[in-house]
Amino acid sequence: MPRVAVLFTGGTISMEVDPVAGGNVPTLDGAAILARTADLGEIAEVVALDRGLTPASHFTFTDLFEIGATLDRLSDDTAVDGIVVVQGTDTIEETALFWDLLHAGPKPIVVTGAMRSASEAGYDGPDNLRDAVRAAIHPGLADQGVVVVLAHTIHPADDVTKTHASALTTFQSLNDGPLGVVEDGVVRLERRRVGRRHVSTRRAAERIGLVTAGVAMDGSPIDALVAGGLDGLVVAATGAGNTSPGLLDGAIRAMSVGIPVVLSTRTPAGRAGTGYAFPGGGATWERAGALRAGSLTAPKARIALALGLGAGLDRAALATLLSDPWP
C-alpha cells in the first residue's frame, strides 16, 4: 500500500465553534481530523505529522521555510510516496506557490484544507483530505510541483485563486483551468503544467509592499512604504496594467532609490500588459522600469518577488522568475 505523509498545520479544517470566544477556533490535531476521515486507510497508509494549529493568516516567511524544509526531507524519503499539507485556506494560494517555487523534486506535494469547520453542517475537511491523499499517490502528478486540491478539483499552485470568501467552490484556476478532478474517488487528469517557475533560496526579502490601484489615487501610499523601509513593491493595477499618473510617479520615486517594482493586475485573471500608452498606462510603467508579473496575481507576485530578492537575483533573473514559463 502506498505511504503518504500528511503534515497538519491548522486552519479551518482543525476548528470548532467556541461559544465563549464567539466563533471558530483551532482545536483538532492531526489524529482528531483523521478520526473524522472515514476509509482513509483504504487509500493509503497515512503518516501524520503535527506542526501546530496556526491560522493561515498568521503564517510568516520563517514558518513557510520551516514547512518547506520538512517537505524537502519527506521528498527525499524513499519510504514516502506522496505528501499532503493541511492548512487554512485564507492564504493557500500564496503558500502553495511559495513551496512550488522552491520544490524541485518529482514527488507530488498536495495542499488542502476546508472551507467549513468541524462544527458546521457540510464539514468538507474529510472529503478534501481523502481527495488530497488520492492525488498525492497518483503517478500522473509526478513532476507537477505543488498542487491544491479542494472541492474535488486539482489546481496548479501558480494559477489557483480564492474567488469567494466562503463558497465551497471558491478555488478556481482562472487562466488555464484546473489540472483535473477527483470523481467518485478516481483522479482524472485533464492537462499537465507546461512549465514551472523555480528559485533556490533559504531566505526571503521581508519588506515587500503591495499597493492596489483605485480611482483617485496618487503616489502617497508608495511614498509611505518607502519611508518605512521597503525591499520591493508590487502594484496591482486596474485592468490590463493601468493606474493614475500619480501612482506611477510614486513608483518612479521608489525605483529611483533602487527598489524593484512589479506590475500586476487587480483582476483575478489575465496579465498586466503594454497596450495602453497614456500617462499611467501599462506601457509607461514598463518604460519607467517596472517588471511585469505575467499571469501571477498580485499576492502571488509578492511571494515570487520576496523569494527572488532573497536569492539575490538580478533584474534580468527576476524578470524571468516573474514571467510565465511557457509561450
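Taking +1 at the Cβ of each Lys and Arg and -1 at the Cβ of each Asp and Glu, which of 144, 212, 28 sits farthest along the dipole of the chain towards its positive end, judged by Cα position relative to the Cα centre?
212
Pairs of Cα atoms under 8 Å, at least six residues apart: use those to get the relative contact order of the chain, whole percent.
Reported as a whole number, the value is 14 percent.
Would you mind getting the accessible area per residue of the chain, heavy atoms of the protein chains only, 1.4 Å probe, in Å²?
Heavy-atom accessible area per residue stands at 40 Å².
Which of 96, 52, 108 sits closest to the plus end of the dipole of region 40-118, meaning its Cα is farthest towards the positive end, when Lys and Arg get +1 and Asp and Glu get -1 on the C-beta?
After comparing all options, I get 52.
Based on the Cβ-Cβ distance of residue 20 and residue 202, what FRET efficiency does E = 1/(1 + (r/R0)^6) give at R0 = 45 Å, to the nearest 0.05?
0.65
From the backbone phi of region 313-327, what are the Karplus-calculated ³J(HN,Hα) couplings (6.51 cos²θ - 1.76 cosθ + 1.60, θ = phi - 60°) in whole Hz, Gly and Pro given as x?
Calculated HN-Hα couplings, in order: 5, 7, 4, 5, 5, 4, 4, 5, 4, 6, 6, 5, x, 8, x Hz.
Using amide H atoms built 1.01 Å from N in the peptide plane, name the residues 5+ places from residue 234, or on other chains, whose amide H lies under 5 Å from its own.
The list, which skips near neighbours in sequence, is 209, 210, 211, 262.
If packing is taken as the mean number of other Cβ atoms within 10 Å per residue, what is the order of 155-163, 178-186, highest first?
Averaged packing, sorted descending, gives the order 155-163, 178-186.
Counting helices only, and only those DSSP H runs with n ≥ 4, report the 222 nm mean residue ellipticity of the chain as the sum of -39,500 (n - 2.57) divided by its residues, in deg cm²/dmol to the nearest 500.
-8500 deg cm²/dmol
What area, in nm² and to one decimal, does the C-alpha convex hull of region 71-122 cast on average over all directions?
Answer in nm², one decimal: 4.5.
Determine the share of region 1-74's accessible area contributed by carbon and sulfur atoms, expressed in whole percent, with a 1.4 angstrom probe.
Carbon-and-sulfur percentage of accessible area, whole number: 53.
Nearest 5 percent is fine: what portion of the DSSP beta bridges confined to the chain is antiparallel?
40
Treating only the Cβ of Lys, Arg, Asp and Glu as charged (+1, +1, -1, -1), what charge dipole size does the chain show about its Cα centre? Round to the nearest 20 debye.
My answer is approximately 960 debye.
Would you work out what percent of the accessible area of region 169-298, with all protein chains in place, is carbon or sulfur (probe 1.4 Å)?
53
Using θ = phi - 60° and the Karplus form 6.51 cos²θ - 1.76 cosθ + 1.60, what ³J(HN,Hα) does each residue of region 243-254 get, whole Hz, x for Gly and Pro?
Result, ordered by residue: 9, 5, x, x, 5, 4, 4, x, 5, 4, 5, 5 Hz.
If each residue of separation counts as 0.36 nm, what is the full-extension length gain between residue 319 and residue 283 once their alpha-carbon separation is subtracted?
Length difference between fully extended and current span is 11.4 nm.
The values are calculated or read from the model by the stated rules, or taken from the named source; none is laboratory data. Small disclaimer: the values here were computed from a predicted structure and weren't measured. Ideal geometry is used to build each Cβ from the backbone, glycine not excepted, and the neighbour counts take in all protein chains shown. Keep in mind that these areas ignore ligands, DNA and RNA; they rest on the heavy atoms of the full protein, side chains included. Shrake-Rupley method; radii C 1.70, N 1.55, O 1.52, S 1.80 Å.
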